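Right, one structure below, let's go through it.
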Amino acid sequence: MYDRYEGLIFDMDGTILDTEPTHRKAWHHVLTKYDMHYDADVLTALNGSPTWRVAQAIIDAHQSTLDAYQLAAEKTAAVKEMLFDSVRPLPLIDVVKAYHGRRPMAVGTGSEHSMADALLRHLGLRDCFQVIVGANDVSNPKPAPDTFLRCAELMGVPAEKCVVFEDADFGIEAAKRANMAYVDVRIL
């Protein structure tokens with residue numbers, strides 16, 4: 001079905017890996033000690049964003065003086081403790097397996113590069129992807145096109161010959177701005 005594309009780029013969280021429940025649990029765990037909470041709709045709207053951006057939105061909503069980068073670091077640490085026991089591949093992993101060795105593939109994620117690498121290794125999927133680009137690998141993460149453009153560059157495939165698989169509005173916006181085809185996996 002995707003044979004017309006020369007490169008395939010996959011978002012990670014919520015697209016190929018079921019990490020969202022653990023991310024929500026980690027936010028709840030960290031925010032409880034500050035007597036804060038998150039709005040699930042706001043969190044969903046920020047899917048694909050780097051953790052510090054989500055932290056800033058939560059801080060702003062509570063008119064808090066906490067540092068967004070520190071709060072993000074605490075949440076990332078909490079996720080690392082929880083995620084390896086709970087992460088599972090989502091059905092789209094079948095597309096990854098079908099194109100493994102047939103097309104260059106990349107992960108372009110709003111998560112940190114090291115977390116993506118560790119999760120994919122943990123599940124035995126790291127060798128399917130030639131490239132990982134995390135939010136910390138680019139100056140302008142999603143919804144800017146930089147993540148996906150960097151994936152295409154590192155795969156050696158022109159942007160217009162790539163397809164992006166995404167589950168978040170920010171990621172779809174990034175794919176559009178990168179002049180790439182995209183598949184909104186929420187409607188598959």
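The numbers here are math on the coordinates, done by the rules we state, and not lab data. Keep in mind it's a predicted model, so treat the numbers as computed, not measured. Heads up, the Cβs are rebuilt from the backbone with ideal geometry, glycines too, and the neighbour counts pull from every protein chain shown.
For this structure, a couple of remarks:
- Restricted to the range 67-149, the set of helices (runs of 4 or more DSSP H) holding at least 2 residues that are among the basic types (Lys, Arg) comprises 68-86.
- Among the candidates 31, 119, 43, 83, residue that is of a type outside the set (S, T, N, Q) and touching a helix residue (DSSP H, G or I) at 6+ places or on another chain (Cβ under 6 Å): 83
- Selection count, the range 149-187, where residues are among the charged types (D, E, K, R), under 20 Å from residue 3 (Cα atoms) and crowded, with 19+ Cβ neighbours inside 10 Å: 1
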